[in-house]
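The values are calculated or read from the model by the stated rules, or taken from the named source; none is laboratory data. Since this is a predicted model, take the numbers as computed values, not measurements. Here the Cβ positions follow ideal geometry from the backbone for every residue, glycine too, while neighbour counts run over all protein chains shown. For the accessible areas, the whole protein counts, side chains as well, though only heavy atoms, and no ligand, DNA or RNA atoms are used. Shrake-Rupley method; radii C 1.70, N 1.55, O 1.52, S 1.80 Å.
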Amino acid sequence: MSLASAKFSAILYGLTHALNFQASRYPEFARRLKEKNFTAQIATVDKSIGRHYTFKDGRVSSAGGIHPKPDITITVASAEIGARLFVPWVDQL
């Protein structure tokens, strides 16, 4: 596994925890999470790296791998591009 692949996988894993943490801090965000139930997936175009997220009743859970029937998929060309896209610029923090 390349460094870019490991970084992208770690970012995707942390996203679940970040979403649930923000929901615990911001009641309005938690309310918005309860509005819809669906499964989203983020993966590389070759499907070598992917993670799916299930939004259900205001909670977010996730699992590694490719989901057989996600409601929505975000596809990136490579792990390197995905890692760059999903990390905010330093001046945005």
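State the number of residues belonging to region 20-53 that are closer than 26 Å to MET1 by Cα and either in a strand (DSSP E or B) or among the β-branched types (Val, Ile, Thr) (or both). Spell out how you get there, then give the answer.
If we filter region 20-53 for residues that are closer than 26 Å to MET1 by Cα, which is where we start, we get 40-53.
Remaining after also requiring either in a strand (DSSP E or B) or among the β-branched types (Val, Ile, Thr) (or both): 40-45, 49-53.
The number of residues fulfilling the criteria is 11.
May I ask you to list the residues in region 15-34 that are surrounded by fewer than 13 Cβ atoms within 10 Å (Cβ to Cβ) and within 10 Å of the chain's Cα centre (by Cα)?
HIS17, ALA18
Scan region 67-79 and tell me whether some residue there is open to solvent by 50 Å² or more (accessible area, probe 1.4 Å), hydroxyl-bearing (Ser, Thr, Tyr) and in contact (Cβ under 8 Å) with a residue 12 or more places away in the chain.
yes
For region 43-74, which positions are in contact with a His (Cβ under 8 Å, 6 or more places away or on another chain) and not small (Gly, Ala, Ser)?
Listed by number, the residues that qualify are HIS52, ILE66, HIS67, PRO70.
Quick check: is even one residue across region 35-43 surrounded by 12 or more Cβ atoms within 10 Å (Cβ to Cβ), out of contact with any strand residue (DSSP E or B) (no Cβ under 8 Å at 6 or more places or on another chain), among the charged types (D, E, K, R) and closer than 19 Å to ILE72 by Cβ?
Quick first cut of region 35-43, residues surrounded by 12 or more Cβ atoms within 10 Å (Cβ to Cβ) only: 37, 39-43.
From what is left, the residues that are out of contact with any strand residue (DSSP E or B) (no Cβ under 8 Å at 6 or more places or on another chain) are none.
No, that holds for no residue.
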